[in-house]
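Accompanying notes for the structure given below.
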Amino acid sequence: MPLEILVTMVLVGIIVIAILLHFTGWSAPVLMTRETASKAWSRHDPDSRILDARPSANGHAALIDTDKGLGLVWCFGADTIARPLAECSLVDHAQGLRIRFADFATPSVLLRLSDKEREDWRSQILAASRSPQPPAATEQREQTHA
């Protein structure tokens, strides 16, 4: 089979699959409710116990309060991403709040929040970062095997 025909068939196939996924609803962004945010966090961190889930007004992100500290779940297309908020930095943005993580794999995320919601989330994140967190697993191991 000539290469031109093979390339054309592959490109048409990819385009058709993308269109089918879009029109059947499989590409729709996840809307965060307490339930969906809790399920998303449990999928990313099954060892933590969820105490509370607070979705944003637009449903694209949620603050998750766990026994290990505060975390954030946000939608990334039809999937979700979850990260703990330990050692993060907050930067105000015209559209909401930018969170920069200590994790190099997830440098930052822009949360689109109203002004009131931005201040509420900022105060919750800062309050959680000031409260004492349980020691990390490596610290516990060093203490028990010293």
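Sorting ILE17, ILE50, ILE64 on the 10 Å Cβ count, fewest up front, what's the list?
Numbers: ILE17 10, ILE50 17, ILE64 30.
Ascending number of Cβ neighbours within 10 Å: ILE17, ILE50, ILE64.
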Student exercise, the chain dipole from Lys, Arg, Asp, Glu Cβ charges, in Debye to nearest 20: 180 debye
Helix-only CD estimate at 222 nm, as mean residue ellipticity for the chain, using -39500 (n - 2.57) per DSSP H run (n ≥ 4): -12500 deg cm²/dmol
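If you rank TRP26, TRP121 by fewest surrounding Cβ atoms within 10 Å, what's the result? Display every interim value, and only then the final one.
Details: TRP26 9, TRP121 21.
Ascending number of Cβ neighbours within 10 Å: TRP26, TRP121.
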Per DSSP, loop trypsin sites (Lys or Arg not before Pro) in the range 1-81 with at most 14 further Cβ within 10 Å: ARG49
Range of Cα positions in the range 34-131 per principal axis (Å), largest first: 35, 31, 26
Cβ-based exposure ranking for HIS93, HIS22, in which fewest neighbours within 10 Å come first: HIS22, HIS93
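Rule-based calculations on the coordinates, nothing more; no lab input. Since the model is a prediction, treat every value here as computed from it, not as a measurement. Note that we place each Cβ from the backbone using ideal geometry, even for glycine, and neighbour counts take in every protein chain shown.
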